[in-house]
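S.K.: Pasting in a structure now, in structure tokens, and then I'll have a few things to ask.
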Amino acid sequence: MTIRGWNEAWSPVFENLGRMRAAWPTRGWSWDSRLTCITSSFTVTQEPQAKTASSFALQQEWTSTTISRAPAPLRTVIERAGGVRAGQLVLSTGPVANLLLYGLWWPWGDNETVSLRVGLADVDPGRELYQRMRDLFGVTL
């Protein structure tokens, strides 16, 4: 099922995304068209602050050994992204009224940089929900 409209039950999810954005250690967010999500990179020294900020919006944590117990829509997202490897994390919240927010926490191979990609499972990127998220993070296509 692809979500297209707005449901007031999602307001707390977006409020928590706003809290995450406000606490984020860097200000640079951009659009990742390959994975249909917003993304930000930060240094490993900023990792504790990024972890705290992401916990406002993404309360569940999955690893390569626990992802098999994640909700089916999240497993589908992970399969499309190429799976989760050792050292990577998948963060999520929901589903809340069928909306699943996810984050892909991916350390780079340089041991200096980490990326967080944040998306909405089963949501058309051209619809209102993604536009609200892009607006919240100051991301343009």
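S.K.: Could you check segment 87-133 and list, in sequence order, the residues that are of a type in the set (D, E, K, R), modelled with pLDDT of 95 or more and closer than 16 Å to LEU35 by Cα?
M.R.: Selection gives ARG117 alone.
S.K.: Right, next: Go through GLU128, GLU112 for me and flag whichever is over 18 Å from PHE56 (Cα atoms) and touching a strand residue (DSSP E or B) at 6+ places or on another chain (Cβ under 8 Å). Steps first, please.
M.R.: Working: GLU128 fails: touching a strand residue (DSSP E or B) at 6+ places or on another chain (Cβ under 8 Å).
Only one candidate qualifies: GLU112.
S.K.: Here's something else I'd like to know. Find the residue count for segment 64-81, including only residues that are part of a loop (DSSP other than H, G, I, E, B) and not aliphatic (A, V, I, L, M).
M.R.: So in segment 64-81, the residues part of a loop (DSSP other than H, G, I, E, B) come out as 64-66, 70-71, 81.
After this cut, where a residue has to be not aliphatic (A, V, I, L, M) as well, the list is 64-66, 71.
Result for segment 64-81: 4.
S.K.: May I ask you to list the residues in segment 8-23 that are closer than 20 Å to GLN131 by Cβ and either surrounded by 12 or more Cβ atoms within 10 Å (Cβ to Cβ) or in contact (Cβ under 8 Å) with a residue 40 or more places away in the chain (or both)?
M.R.: Residues of segment 8-23 closer than 20 Å to GLN131 by Cβ: 8-22.
The answer is ALA9, TRP10, PRO12, VAL13, PHE14, GLU15, ASN16, LEU17, GLY18, ARG19, MET20, ARG21.
S.K.: Can you run down the residue pairs with Cβ atoms below 7 Å, 6 or more apart or on separate chains, where the first is in segment 42-63 and within 11 Å of VAL114 (Cα to Cα) and the partner is assigned to a helix (DSSP H, G or I)?
M.R.: From residues that are within 11 Å of VAL114 (Cα to Cα), the pairs are PHE42/ALA50.
S.K.: Shifting gears a bit: Select, from ALA97, ALA70, the only residue that is exposed (fewer than 12 other Cβ atoms within 10 Å of the Cβ), in contact with a Phe, Trp or Tyr (Cβ under 7 Å, 6 or more places away or on another chain) and of a type in the set (Gly, Ala, Ser).
M.R.: On the way: ALA70 fails: exposed (fewer than 12 other Cβ atoms within 10 Å of the Cβ).
Testing whether each residue is exposed (fewer than 12 other Cβ atoms within 10 Å of the Cβ), in contact with a Phe, Trp or Tyr (Cβ under 7 Å, 6 or more places away or on another chain) and of a type in the set (Gly, Ala, Ser) leaves just ALA97.
S.K.: Just to be sure, is LEU89 closer than 26 Å to TRP10 by Cβ and crowded, with 19+ Cβ neighbours inside 10 Å? Lay out the reasoning, then the answer.
M.R.: Values: closer than 26 Å to TRP10 by Cβ: yes; crowded, with 19+ Cβ neighbours inside 10 Å: yes.
Judged against the criteria, LEU89 is a match.
The values are calculated or read from the model by the stated rules, or taken from the named source; none is laboratory data. Nothing here was measured: the structure is a model prediction, and the numbers come from that model. Neighbour counts run over all protein chains shown; Cβ positions are idealised from the backbone, glycine included.
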